[in-house]
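Okay, structure first, notes after.
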Amino acid sequence: MGAEKMKILIVDDNKDNLIILKAMIKDVLPNAIVITAENGSTALDLALTHNPCVILLDIIMPEMDGFNVCKNFKADSRLREIPVVFVTALKYDRNIRVQALESGAEAFISKPIDPVELKAQLLAMYKIKTANLNKINEKERLEVLVEEKTCELKRMQLATLNLLEDLRKENDARKESEKLLIEQKKEIEFNNERLECILRISQMQTNSTQKLLDFALEEAINLTKSKIGYIYFYNENLRQFVLNTWSKGVMDECTVREPQIIYNLDNTGCWGEAVRQRMPIIMNDFEAEHPLKRGIPEGHVKLKKFLTIPVINMNEIVAVAGVANKNDDYNDTDVRQLTLLMDNVWKISERISMMKILKEAKEQAEESDRLKSAFLANMSHEIRTPMNGIIGFAELLKNPNLSGNEMMDYILTIEKSGERMLNIINDIISISKVEAKVEKIKLVNTNINEQLSYLLKLFKPEGERKGLEIKCNCLSKNSLIVNTDREKLYAILANLIKNSIKFTLKGQIEFGYSIKTTNDGLNHTVENQNDKQSVPDSFLEFYVKDTGIGIDKEHMNLIFERFRQVSEGQTRNFEGAGLGLAITKAYVEMLGGKIWVESEPKKGTIFYFSLPFRNIDEINTNKINSFSNNTHIMYSKNLKILIAEDDVASQFLISKITEKHSKETLIAKNGIEAVDFCVKNPDIDLILMDIQMPEINGYEATQKIRMFNNDVIIIAQTAYALPGDKEKAIGVGCNEHISKPIKSEIIDSLILKYFKK
């Protein structure tokens with residue numbers, strides 16, 4: 001029976017749990033046969049009837065709890081080899097673990113159950129039961145063999161007595177009988193030696209496959225009365241040998257100048273014939289001519305007699321074992337004994353490897369669970385903190401006795417908390433786009449010096465509030481125009497500067513760049529749609545340097561992982577969701593560069609990142625993205641504006657933002673009302689169209705309006721911020737697309753664009 005058709009017994013007094021767990025098993029192992037029991041007595045009967053491969057057992061049950069049920073299973077010789085896995089939400093209770101182990105359980109699965117862990121545990125338990133059954137079958141077979149040989153010895157002893165009677169009559173017959181008896185005795189002793197050898201190996205207490213194979217090789221040498229030996233792993237796909245172990249005396253005699261560890265099958269001599277012919281090879285006169293013998297390197301250990309066998313597992317050669325320089329000739333008995341020994345050793349090594357894999361999987365699951373808990377606690381803190389500021393100070397604003405200064409302080413606190421909340425949401429959306437591989441780069445001509453100057457103006461006030469000096473180091477005052485993704489470059493630098501401000505308590509922050517050649521061996525490539533463009537000559541190396549708290553060496557790698565921070569848990573000193581550096585690293589790599597960090601605790605940190613250098617010498621400055629704003633242009637104040645929005649708060653906000661531009665404002669609460677207003681008011685100048693609305697959504701409403709009015713300006717405004725939203729809005733007839741939360745300066749700039757005097 002294969003693992004895909006294994007029988008699984010679930011024991012739980014809760015029918016809902018049985019249904020859910022059965023469905024999960026069917027999902028991860030569609031061909032598995034699932035048997036359910038609602039109490040221990042029924043479970044024991046079903047186990048005897050169906051002989052399942054694994055038993056999933058709840059702890060808390062009426063009449064007989066899971067521990068007693070498990071003890072009953074382990075007390076029954078017919079059931080004790082079936083692995084028992086406790087399914088419990090109490091995994092980390094020490095007393096529960098002790099009771100579970102004392103009752104004989106093999107493993108735990110924690111509630112809520114992870115389907116991947118469930119599948120891994122079921123397959124692992126299946127292999128454990130299979131290994132146990134194989135071990136029992138092998139033991140029974142060996143016991144039968146010993147019994148047979150013992151009986152055979154008794155028969156031979158009886159025959160010997162009869163022969164002794166005949167020997168008085170015929171001396172030649174006596175001599176022949178003695179010779180036969182000696183040979184048979186040697187065979188029995190040889191078999192007993194092998195059985196004892198296998199027993200010693202199976203009883204060896206080690207978690208190291210290497211130690212097991214080293215020990216097994218010495219046993220194989222002793223068993224075959226050889227002087228030296230080896231074990232090589234073999235990969236049938238690569239047709240390649242990898243040295244696992246030599247016997248102790250080999251390297252003392254070997255004087256090959258450059259001994260190899262890895263050999264290709266085609267370059268091996270006679271010891272490779274065990275693989276090529278898939279059978280044992282014996283050479284009892286190695287110095288004589290032999291059709292299978294090829295040249296050996298000078299200085300190789302001198303061989304007199306030689307035996308090598310393939311180790312086959314599931315019809316695949318996984319290793320070769322060889323012994324050499326026995327005093328007597330190697331024969332079929334040596335082949336049989338060495339083959340049986342290595343087959344058993346390989347099964348034991350697979351069990352050790354499986355246990356190591358299970359241990360690593362358990363540790364990874366525990367680490368994943370710890371990180372998940374830390375992340376949830378962090379996100380709860382990061383979201384609730386600004387929400388506390390927003391809701392708390394909004395409540396305080398209700399006080400009619402507030403002074404003007406108090407009111408302004410409260411409003412600024414609400415605004416700052418809202419910006420912090422928006423930053424968290426934007427970071428989560430950005431990392432989601434990166435991981436979903438839907439984030440694209442848009443190469444445009446960008447003035448690097450102007451962008452750095454803008455960042456200096458942007459962050460200098462924040463630095464001054466903390467008493468920090470912020471400096472920008474540009475190569476020159478002239479423009480440096482390069483072709484890159486301006487928005488992502490801005491996000492990279494902004495994230496690094498904000499990070500430095502956050503973790504610097506005193507001193508200064510400096511950022512800038514230099515131009516370097518690619519002779520450092522870096523391969524800078526940037527992906528534009530489906531094409532990759534190589535940059536052959538030079539690259540820009542940016543840096544952000546601070547005098548902050550610094551980073552320990554042990555934390556250097558984890559700072560670029562998502563949701564990870566140097567300070568984690570409830571004792572964190574700094575806010576943040578732990579996404580900024582992960583987004584920064586992703587953006588740098590998307591632009592064809594790399595990012596690294598140098599730091600010394602309590603002295604400061606320098607973040608470096610490189611980007612391909614595409615200098616644009618002659619360019620129309622009108623096409624360069626700029627940070628400049630013109631706020632002195634007059635707006636039209638006679639617009640008839642329709643606000644299509646079902647959220648009352650958003651209606652009020654947008655109407656307040658646009659009242660300085662409007663002579664009349666209309667409110668539509670759903671898509672159908674928006675279309676009706678446009679039919680009845682063909683003189684509407686501007687529509688601010690929400691996308692998610694009752695009746696019909698903003699996309700459908702826009703399409704209907706465009707059927708009779710192509711002149712009205714329609715600006716889609718939505719809380720969605722996913723790739724393709726803007727293109728979809730433009731595709732159905734909107735003139736522009738903006739994301740919530742809406743800011744007045746964005747509305748002003750769009751009205752300026754379409755309605756300036």
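Quick notes
- Test: Glu618 is among the acidic types (Asp, Glu), at pLDDT 85 or above, open to solvent by 30 Å² or more (accessible area, probe 1.4 Å) and farther than 30 Å from Met693 by Cβ: no
- Any hit, the stretch 41-56, residues being modelled with pLDDT under 90 and over 20 Å from Phe73 (Cα atoms): no
- Per the listing Ile667, Ile715, Ile705, the residue uniquely outside any helix (DSSP H, G or I), open to solvent by less than 30 Å² (accessible area, probe 1.4 Å), β-branched (Val, Ile, Thr) and more than 24 Å from Glu415 (Cα to Cα) is Ile715.
- Here the strands (runs of 3 or more DSSP E) wholly within the stretch 8-125 that include at least 2 residues being of a type in the set (Gly, Ala, Ser) and crowded, with 16+ Cβ neighbours inside 10 Å are 107-110.
- Criterion: in contact with a Ser or Thr (Cβ under 8 Å, 6 or more places away or on another chain) and either surrounded by 15 or more Cβ atoms within 10 Å (Cβ to Cβ) or not in a loop (DSSP other than H, G, I, E, B) (or both) - qualifying residue of Ile348, Ile312, Ile317, Ile357: Ile348
- Count of the stretch 237-271 residues, restricted to those that are exposed (fewer than 12 other Cβ atoms within 10 Å of the Cβ), at pLDDT 85 or above and touching a strand residue (DSSP E or B) at 6+ places or on another chain (Cβ under 9 Å), is 1.
- Of the residues making up the stretch 178-195, none is farther than 30 Å from Lys359 by Cβ, out of contact with any Leu (no Cβ under 9 Å at 6 or more places or on another chain), assigned to a helix (DSSP H, G or I) and at pLDDT 75 or above.
- Glu700, sole failed condition from (1) in a loop (DSSP other than H, G, I, E, B); (2) touching a residue at least 12 places away in the same chain (Cβ under 8 Å): (1)
- Restricting attention to the stretch 267-280, the residues that are over 19 Å from Glu316 (Cβ atoms) and hydrophobic (A, V, I, L, M, F, W, C) add up to 1.
- Whenever a residue of the stretch 733-746 is farther than 20 Å from Lys656 by Cβ, its partners that are of a type in the set (Phe, Trp, Tyr), lying with C-beta atoms within less than 8 angstrom and at least six residues away or across chains, give the pairs Asn735/Tyr754.
- Of all residues in the stretch 35-52, those that are closer than 10 Å to Lys7 by Cα have Cβ atoms under 9 Å from Cβ atoms of residues that are open to solvent by 60 Å² or more (accessible area, probe 1.4 Å) and part of a helix (DSSP H, G or I), 6 or more apart or on another chain, in Ile35/Thr49; Ile35/His50.
- Matching residues in the stretch 322-334 - criterion: being open to solvent by less than 20 Å² (accessible area, probe 1.4 Å) and part of a helix (DSSP H, G or I): Asp334
- Scanning the stretch 682-701 for residues that are exposed (fewer than 14 other Cβ atoms within 10 Å of the Cβ) and either farther than 11 Å from Asp646 by Cα or in contact with a Pro (Cβ under 8 Å, 6 or more places away or on another chain) (or both) yields Pro682, Asp683.
- Qualifying residue in the stretch 702-715 (condition: acidic (Asp, Glu) and under 21 Å from Asp647 (Cβ atoms)): no
- Set Thr150, Thr224: member being of a type in the set (Ser, Thr, Tyr), surrounded by 15 or more Cβ atoms within 10 Å (Cβ to Cβ) and at pLDDT 75 or above: Thr224
- Test set (1) at pLDDT below 70; (2) touching a Lys or Arg at 6+ places or on another chain (Cβ under 7 Å) - Glu435 fails condition number: (2)
The values are calculated or read from the model by the stated rules, or taken from the named source; none is laboratory data. Keep in mind that what you see is a predicted model, and the values were worked out from it rather than measured. Positions of Cβ are backbone-derived with ideal geometry, glycine not excepted, and every protein chain shown enters the neighbour counts. Note: areas computed on protein heavy atoms with side chains; ligands, DNA, RNA excluded. Shrake-Rupley method; radii C 1.70, N 1.55, O 1.52, S 1.80 Å.
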